[in-house]
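Single-structure report; data block below.
No lab work stands behind these numbers, since they all come straight from the coordinates. What you see is a predicted model, and the numbers here were worked out from it, not measured in a lab. Cβ: placed from backbone, ideal geometry, glycine included. Neighbour counts: every protein chain shown.
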Ligand SMILES: [Zn+2]
């Protein structure tokens, strides 16, 4: 006789796909195991009591049954549903963007608890705080947690101190000094002020970011730099990025 193998996962629903007969395949980002893919039987049926717990972006405690091919949800209990985020297209597009970033950059079954906590904290804060800088901070922090921290303390090419006009080079992995400016034709404009803000976004607790005052042009430059950086590492486009710039305005 085979023992029934169950395990718990504290997770956020990143992606969900109907696969007929009221069943859904969920992609979860869990604290314990990183990204996992599970079958949720019957959850798409209108009568299912699990519907809320398996909705996109829900933070849910799962009890999962280990299966031969695909694990399946045995029980689930929603912890947080972030209703304020779901109330507008901006909130949904920001949450979709973060979920897609985590999904695309992480392999299955590789835990990264700080990344789980960053996603959870940012989802919570997005409902109550000014969203644009939270998204920028999420981008740079998540890239750091995935092993792609940009070099911000010295020139990423020659190691010299950062002086004069600077540029930001995704290919070289960070900020370039005025001498090295030419090594990469595809840079974003940068300056000392932007470098300092990037450091703050990378290092401050997300809950403190509302204290940071950043004017419109600088916000635009930050967005351009980080999107170039993410695209470079991704080698492609994110589906939700276009949606985000249309509905999330950031
Ligand atoms: Zn240099």
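List of remarks:
- The listed residue being part of a strand (DSSP E or B), touching a residue at least 60 places away in the same chain (Cβ under 8 Å) and under 12 Å from residue 72 (Cβ atoms), out of 36, 12: 36
- Test: residue in the stretch 225-245 that is more than 17 Å from the chain's Cα centre (by Cα) and surrounded by fewer than 17 Cβ atoms within 10 Å (Cβ to Cβ): no
- Residue selected from the stretch 126-172 under the condition assigned to a loop (DSSP other than H, G, I, E, B) and more than 16 Å from the ligand (Cβ to nearest atom), by the criterion farthest from residue 230 (Cα to Cα): 128
- Of all residues in the stretch 173-210 being touching a residue at least 12 places away in the same chain (Cβ under 8 Å), part of a helix (DSSP H, G or I) and within 15 Å of the ligand (Cβ to nearest atom), the one that is surrounded by the fewest Cβ atoms within 10 Å (Cβ to Cβ): 192
- Filtered by the rule that a residue be touching a residue at least 12 places away in the same chain (Cβ under 8 Å) and over 20 Å from residue 197 (Cβ atoms), the stretch 137-172 gives 146, 157, 158, 160, 171.
- Which listed residue, of 17, 51, is assigned to a strand (DSSP E or B), under 22 Å from residue 98 (Cα atoms) and free of Cβ contacts under 8 Å to residues at least 24 places away in the same chain: 17
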